[in-house]
Amino acid sequence: MLSRRRVLALLALGGGALLASATPYRFQVSRHRRVLAGLERPVRVVQLSDLHYGPFIRAGSVRRWVEAALAEGPDLVVITGDFIESGLRLPWLRLGPPDLEGLLAELGRLRASLGVWAVWGNHDHGLPQARRFLARHLPRHGIEPLTNRGVWVRDDLYLSGVDDYWLGEADPKAALAGYRKGKASLALAHNPDYWDFYFGLPVSLALSGHTHGGQVYLPGVGAPWTPSYYGQAYLGGWYSPGLSPASPPVPGFVSRGLGVTGLPLRLNVPAELVVFDFLPG
């Protein structure tokens, strides 16, 4: 079976026409209006996911994402992991570590009345020194990582987050320990495969990223490779319990993310900034 890196490399070398149509730096704003169980008043949430700051994503891209997020007037901003890119392992291309000060300066412009919150992804854990640096400095820029903990951002909305499924030590019970019955519970988990571990736990909706929609989607074939135990089941969008191939135990949404990994290539899978208008149920 072809690895994701091999697939992307073959596509990149396959011809200029393909690369010309594969635009990694364009993104769209996806808007969704939905009832959130337990909510008492409307709330607007903006989700950024899979920034992959590094060789191909620099401060200019992050600046455009931040400006688009601020233009939506969010009550709450969430970042569902993979701040940085750690997966570039091409022997013919040697690049140094990303300038994290540039990332922090741009993300530090995010503002929301209920705060800016985040969880770690597998790429963040792939560069431990960079993750430790971000863990120290993100709060100084107004962004709070939720690592197996939760907070009441409003009296009717509990926000929780878990560590990465693959490379972290995720603990959903610890994250949800402060939850009070009958209120809305929004859970952040970078990898949607982790939704299985929310079985029996009070989660109104889980938000994830990680899969990039496959990053490359071929007509008649689908995504040649996805970082999921469930294949193409979690490429993006809404999931209801028992209706998807993976049958998640809780309702969930998967963002296609904003950045790229491996190579600067997106084909038929536009990047997205997600805006949710959640309504009382």
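The values are calculated or read from the model by the stated rules, or taken from the named source; none is laboratory data. Just so you know, these numbers come straight off a predicted model, no measurement behind them. Glycine also receives a Cβ, built like all others from the backbone with ideal geometry; neighbour counts cover every protein chain displayed.
What the table below lists for this structure:
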{"item": "Any hit, segment 125-138, residues being in contact with a helix residue (DSSP H, G or I) (Cβ under 9 Å, 6 or more places away or on another chain), within 24 Å of Ala184 (Cα to Cα) and outside any strand (DSSP E or B)", "result": "no"}
{"item": "Residue within segment 11-28 that is under 23 Å from the mean Cα position of the chain (by Cα), modelled with pLDDT of 90 or more, more than 21 Å from Phe278 (Cβ to Cβ) and among the hydrophobic types (A, V, I, L, M, F, W, C) present", "result": "yes"}
{"item": "From Tyr230, Tyr194, Tyr158, residue being on the phi < 0 side of the Ramachandran plot and either among the charged types (D, E, K, R) or in a loop (DSSP other than H, G, I, E, B) (or both)", "result": "Tyr230"}
{"item": "Any hit, segment 101-110, residues being at pLDDT below 95, surrounded by fewer than 21 Cβ atoms within 10 Å (Cβ to Cβ), more than 18 Å from Ser255 (Cβ to Cβ) and out of contact with any helix residue (DSSP H, G or I) (no Cβ under 6 Å at 6 or more places or on another chain)", "result": "yes"}
{"item": "Which listed residue, of Gly242, Gly200, Gly257, is within 14 Å of the chain's Cα centre (by Cα), of a type in the set (Gly, Ala, Ser), in a loop (DSSP other than H, G, I, E, B) and under 28 Å from Gly38 (Cβ atoms)", "result": "Gly257"}
{"item": "Residue within segment 226-248 that is of a type in the set (S, T, N, Q), under 22 Å from Val119 (Cβ atoms) and in contact with a helix residue (DSSP H, G or I) (Cβ under 7 Å, 6 or more places away or on another chain) present", "result": "yes"}
{"item": "Among (1) of a type outside the set (A, V, I, L, M); (2) surrounded by 21 or more Cβ atoms within 10 Å (Cβ to Cβ); (3) touching a residue at least 40 places away in the same chain (Cβ under 8 Å) - the single one Gly182 does not satisfy", "result": "(2)"}
{"item": "Set Gly209, Gly237: member being under 16 Å from Ala271 (Cβ atoms), without any contact (Cβ under 8 Å) to a residue 24 or more places away in the chain and either in contact with an Asp or Glu (Cβ under 6 Å, 6 or more places away or on another chain) or surrounded by fewer than 24 Cβ atoms within 10 Å (Cβ to Cβ) (or both)", "result": "Gly237"}
{"item": "Among (1) aliphatic (A, V, I, L, M); (2) surrounded by fewer than 22 Cβ atoms within 10 Å (Cβ to Cβ); (3) touching a residue at least 60 places away in the same chain (Cβ under 8 Å), the one test that Ala271 misses", "result": "(2)"}
{"item": "Residue within segment 143-152 that is β-branched (Val, Ile, Thr) and either surrounded by fewer than 20 Cβ atoms within 10 Å (Cβ to Cβ) or at positive phi (or both) present", "result": "yes"}
